[in-house]
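Below you'll find the structure, written out as structure tokens, and then a few comments.
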Amino acid sequence: MRSDLVKKGSTRAAPRSLFYALGFSDEDLKKPMIAVVNAQNEIIAGHAHLDDQAKMVKYGILAAGGVPVEVPAIGICDGIAMGHEGMKYPLASRELIADSVEALVNGHAFDGMVLIPNCDKIVPGMLMAALRLNIPTVFCSGGPMLPGRYEGKDISISQTFEAAGRFEAGKINKQELSCIERSSCPGCGSCAGLFTANTMNCLTEVLGMGLPGNGTIPAAFQGARARLAKKAGETIVRLVKEQVLPRDIMTMNAFKNAITVDMAIGGSSNTALHLPAIAHEAGLKLPLSLFDKISKKTPYLTKLSPGGSHHMIDLEEAGGITAVMNELSKLGLINKGCKSVTGKTIGALIKNAKILRPDVIRTVEDPYRKTGGIAVLTGNIAPHCSVVKESAVAEEMLVHSGPARVFNSEDEAIKAICSKKINKGDVVVIRYEGPKGGPGMREMLNPTSVLAGMGLDKDVALLTDGRFSGATRGACIGHISPEAREGGNIALIEEGDIIEIDIPNRKLNFKVSEKELEKRRAKWKCPPPKVKHGYLARYAALVSSAAEGAILRAPGEED
């Protein structure tokens, strides 16, 4: 066992004395030592209950003959960080999470890991660590939140963000705003819609690293989640004994499965950042062209919030991710031979899964659309790439042309929107918010939600070299690369330039001649960095473009 490095031999007498100080017995020192990496904290609603999950995981490990050792991981709440300087940190924290798991697990020579994330960057950060370390690993998330209820309808955090826009537009009063904000999040769990956290937890199932139900069983269903957690604990001990490793499971075909399901369910556009970064840890490349290729042949089967009115509990009731995969397999879109932590192939796991609510999961014969949820656009604004959650765009905005309204930060844009300076037909351009320019590539749910709340989501488009939340809806195109900070063409857009958006044909351009572009480029000067000290300054110096997943590269590191 790997943990024998710290437990066996005369030269390990001192480490053994420290294990004895922790209450380890001689018998314990002969068993597999399993890290239970728990991201519980008291600032993220999706993580507040993770101690309960960890306890059940430990019961499972003990029952299977292993020794569980609980250790921590950090997490930042995107919802609380949204709309201010704190949003520079969540994406950057993905790298800290991966690094800290690597350091903690390698430093103590654990034999295996059960990783307990739930929200946004914690899931991909831990998946990156799993591939980097390549020791037996099982994921056990905390589960999605139940939707709230307001005026007889299910709502979630996205409606609360949009309510702020409705209030600013005078459509609701302060009392109504207060009622919505108190109703939308009824308890613990990752926010109830198909936002980034729930998308990534579902894709962890698809990748074979989580047990069925990992992404969809609600946090409030304590019995079901306890059973899942205990099973995860039992599973990791078996994986250690059999030496089944993450790189055996997360193969290129597994990533193709994940992208396919992502397109079918209309998941968060942030997967276009996270999946390439995760694959990079295994030496695999997931170019955004692959996302677009898969999207073009994958039917869009579910319409969950923010693209529709259903929430994660509806997807669970409808048969969950296994039902979606089984339906997609009818078109040959799922690689059934991929492995999973269950010991079964993906094909064996999904073969008996059925759609239990046809109103939630449509068949491949009757999809919402014949193509998937995410589109990758290119053009003279985005020579490398840009990403839009096509499934959340109103039909009338799929093709749009309008004048640019240019802002050099999210804060400037929000101020203009709230001051009612944005008109129907405008294209709001928010730049210098990319991985390097932000730094940290802020999510921009505030400007998109305020516009939606004002009723402008079918009239106004947004472009940014930053990114949008999984809860965003509307013609919101992010990840524009090269970013403004690197001299990308988005830095050369001027107020009033006509922007042309053609999502069906994957085009994003502005009507400026090459000659004029060269004149503007000759005048452009890179502005000074927004952050000069601390972690974000180091992050900005090392981070790659959004087109590569915003991964960190050491100086001189080759792709």
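The values are calculated or read from the model by the stated rules, or taken from the named source; none is laboratory data. None of the values given here were measured: they were computed from a predicted structure. Here the Cβ is made from the backbone with ideal geometry for all residues, glycine too, and neighbour counts use every protein chain on show. Accessible surface areas use protein heavy atoms only, side chains included; no ligands, DNA or RNA. Shrake-Rupley method; radii C 1.70, N 1.55, O 1.52, S 1.80 Å.
Listed residues Phe19, Phe24; which is touching a Leu at 6+ places or on another chain (Cβ under 8 Å) and more than 30 Å from Thr199 (Cα to Cα)?
Numbers: Phe24 fails: touching a Leu at 6+ places or on another chain (Cβ under 8 Å).
After applying the criteria, what remains is Phe19.
Given the residues Gly142, Gly125, which is the only one that is at pLDDT 95 or above and assigned to a loop (DSSP other than H, G, I, E, B)?
Values: Gly125 fails: assigned to a loop (DSSP other than H, G, I, E, B).
The unique qualifying residue is Gly142.
Consider Arg362 carefully, then state whether it is buried (at least 17 other Cβ atoms within 10 Å of the Cβ) and charged (D, E, K, R).
Working: buried (at least 17 other Cβ atoms within 10 Å of the Cβ): yes; charged (D, E, K, R): yes.
Spelling it out, Arg362 is indeed buried (at least 17 other Cβ atoms within 10 Å of the Cβ) and charged (D, E, K, R).
Among the numbered conditions (1) open to solvent by 50 Å² or more (accessible area, probe 1.4 Å); (2) at positive phi, tell me where Gly65 comes up short.
Here Gly65 clears every test but (1).
Sort through Lys424, Lys415 and tell me the only one that's open to solvent by 40 Å² or more (accessible area, probe 1.4 Å), touching a strand residue (DSSP E or B) at 6+ places or on another chain (Cβ under 9 Å) and in a loop (DSSP other than H, G, I, E, B). Walk me through it before giving the result.
On the way: Lys415 fails: in a loop (DSSP other than H, G, I, E, B).
Answer to the check: Lys424.
Quick check on the stretch 482-495. Is at least one of its residues charged (D, E, K, R), closer than 30 Å to Lys293 by Cβ, in contact with a Phe, Trp or Tyr (Cβ under 8 Å, 6 or more places away or on another chain) and surrounded by fewer than 22 Cβ atoms within 10 Å (Cβ to Cβ)?
The answer is no; no qualifying residue exists.
Looking only at the stretch 262-293, count how many residues are charged (D, E, K, R) and part of a loop (DSSP other than H, G, I, E, B).
2
Considering (1) in contact with a strand residue (DSSP E or B) (Cβ under 7 Å, 6 or more places away or on another chain); (2) without any contact (Cβ under 8 Å) to a residue 60 or more places away in the chain; (3) open to solvent by 30 Å² or more (accessible area, probe 1.4 Å), say which one Asp248 fails and leave the rest.
Of the numbered conditions (1) in contact with a strand residue (DSSP E or B) (Cβ under 7 Å, 6 or more places away or on another chain); (2) without any contact (Cβ under 8 Å) to a residue 60 or more places away in the chain; (3) open to solvent by 30 Å² or more (accessible area, probe 1.4 Å), the odd one out for Asp248 is (2).
Identify the residue in the stretch 119-159 that is among the charged types (D, E, K, R) and open to solvent by 10 Å² or more (accessible area, probe 1.4 Å) and, among all such residues, is farthest from Glu242 (Cα to Cα).
Glu151
Take the residues of the stretch 343-359 that are of a type in the set (A, V, I, L, M, F, W, C) and in contact (Cβ under 8 Å) with a residue 40 or more places away in the chain: which is least open to solvent (accessible area, probe 1.4 Å)? Before the answer, list the steps.
Here is the first cut: in the stretch 343-359, the ones of a type in the set (A, V, I, L, M, F, W, C) are 346, 348-350, 353, 355-356.
With in contact (Cβ under 8 Å) with a residue 40 or more places away in the chain added as a condition, the list becomes 346, 349.
On the way: Ile346: 4, Leu349: 47 Å².
Only one residue tops the list, namely Ile346.
Going by what's in this entry, would Pro482 be described as at pLDDT 95 or above and over 20 Å from Ile414 (Cα atoms)?
Values: at pLDDT 95 or above: yes; over 20 Å from Ile414 (Cα atoms): yes.
It is true that Pro482 is at pLDDT 95 or above and over 20 Å from Ile414 (Cα atoms).
For the stretch 446-465: of the residues being in a loop (DSSP other than H, G, I, E, B) and not charged (D, E, K, R), which is surrounded by the most Cβ atoms within 10 Å (Cβ to Cβ)?
Val460
Results for (1) assigned to a helix (DSSP H, G or I); (2) open to solvent by 10 Å² or more (accessible area, probe 1.4 Å), shown as yes or no for each residue.
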{"position": "Glu205", "(1), (2)": "yes, yes"}
{"position": "Gly215", "(1), (2)": "no, no"}
{"position": "Ala220", "(1), (2)": "no, yes"}
{"position": "Arg225", "(1), (2)": "yes, no"}
{"position": "Lys230", "(1), (2)": "yes, yes"}
